[in-house]
Amino acid sequence: MKTFICIMCPKGCHLAVDEENDYQVTGHSCNKGVKYGKAEATNPVREVTSTVVVRNGNSHRCSVKTLDGIPKESVREAMTILNQVRLQAPVEIGDIVLENLLNTGIDVVATCTIQAS
C-alpha cells in the first residue's frame, strides 16, 4: 500500500493506493484523486519549470517549462541540462528551447519574451 497527498485541488486528500488490488485508490473525494493516485503509484511525472541564460538581451534569464510531465526520477538530470542552456536574444514566448528533453519526447519552451539589446 502506498500513500500520497493529492495535489489536484486544495483539499489535499490523503490517498491510499493498493498495488495488489489493481491500484485501487481510497481516501479521495473526487475522480481527480483516483487518477492522481494511480499515476503516482505507477508512473510519477513532474512538469519542470526553471530559467535559462540569455545572451545579448534586455534580460539575462528567461523562464522555461516542459510541455508535459517527465519521469519524476529524471527531474534532477533535467535541471542539470537546463543549467547549461544558453539562448541568444531575441526569444519569444513559446519558442522551443530544448527538443526531446532526455529522450522523453517532451520539449522545453520559453515562457517569456526577451528582446535583443
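The values are calculated or read from the model by the stated rules, or taken from the named source; none is laboratory data. What you see is a predicted model; the values in this text were computed from it and never measured. Virtual Cβ from ideal backbone geometry, glycine too; neighbours counted across all protein chains shown.
Does the stretch 51-67 contain any residue that is free of Cβ contacts under 8 Å to residues at least 12 places away in the same chain, surrounded by fewer than 16 Cβ atoms within 10 Å (Cβ to Cβ) and not in a strand (DSSP E or B)? Steps first, answer last, please.
Start the filter on the stretch 51-67 by keeping residues that are free of Cβ contacts under 8 Å to residues at least 12 places away in the same chain, which leaves 60-61.
Subsequent filtering for residues that are surrounded by fewer than 16 Cβ atoms within 10 Å (Cβ to Cβ) retains 60-61.
Next, from what is left, pick out any that are not in a strand (DSSP E or B): 60.
Yes - at least one qualifying residue is present in the stretch 51-67.
Hey, can you tell me all the residues within the stretch 6-24 that are under 21 Å from the mean Cα position of the chain (by Cα) and surrounded by 14 or more Cβ atoms within 10 Å (Cβ to Cβ)?
Here is the first cut: in the stretch 6-24, the ones under 21 Å from the mean Cα position of the chain (by Cα) are 6-10, 12.
Once the filter is applied, which keeps residues that are under 21 Å from the mean Cα position of the chain (by Cα) and surrounded by 14 or more Cβ atoms within 10 Å (Cβ to Cβ), the stretch 6-24 yields C6, M8.
Among the candidates E92, E73, E99, which residue alone is out of contact with any Cys (no Cβ under 8 Å at 6 or more places or on another chain), under 30 Å from A16 (Cβ atoms) and not assigned by TED's automatic domain parsing to the domain that holds C6?
Details: E92 fails: under 30 Å from A16 (Cβ atoms); E99 fails: under 30 Å from A16 (Cβ atoms).
Answer to the selection: E73.
Take the residues of the stretch 28-49 that are exposed (fewer than 15 other Cβ atoms within 10 Å of the Cβ) and assigned to a helix (DSSP H, G or I): which is farthest from the chain's Cα centre (by Cα)?
N31
Do we find a residue being exposed (fewer than 12 other Cβ atoms within 10 Å of the Cβ) and part of a strand (DSSP E or B) anywhere in the stretch 76-86?
Yes, the stretch 76-86 contains at least one residue that is exposed (fewer than 12 other Cβ atoms within 10 Å of the Cβ) and part of a strand (DSSP E or B).
So which residues in the stretch 87-98 are in a loop (DSSP other than H, G, I, E, B) and not aliphatic (A, V, I, L, M)?
We begin by selecting, within the stretch 87-98, every residue in a loop (DSSP other than H, G, I, E, B); these are 89-90, 92-95.
If the condition is that a residue be in a loop (DSSP other than H, G, I, E, B) and not aliphatic (A, V, I, L, M), then P90, E92, G94, D95 are the ones that fit.
Please enumerate the residues belonging to the stretch 8-29 that are hydrophobic (A, V, I, L, M, F, W, C) and at pLDDT 95 or above. Walk me through it before giving the result.
Applying the first criterion (hydrophobic (A, V, I, L, M, F, W, C)) to the stretch 8-29 yields 8-9, 13, 15-17, 25.
Within the stretch 8-29, C13, L15, A16, V17, V25 qualify.
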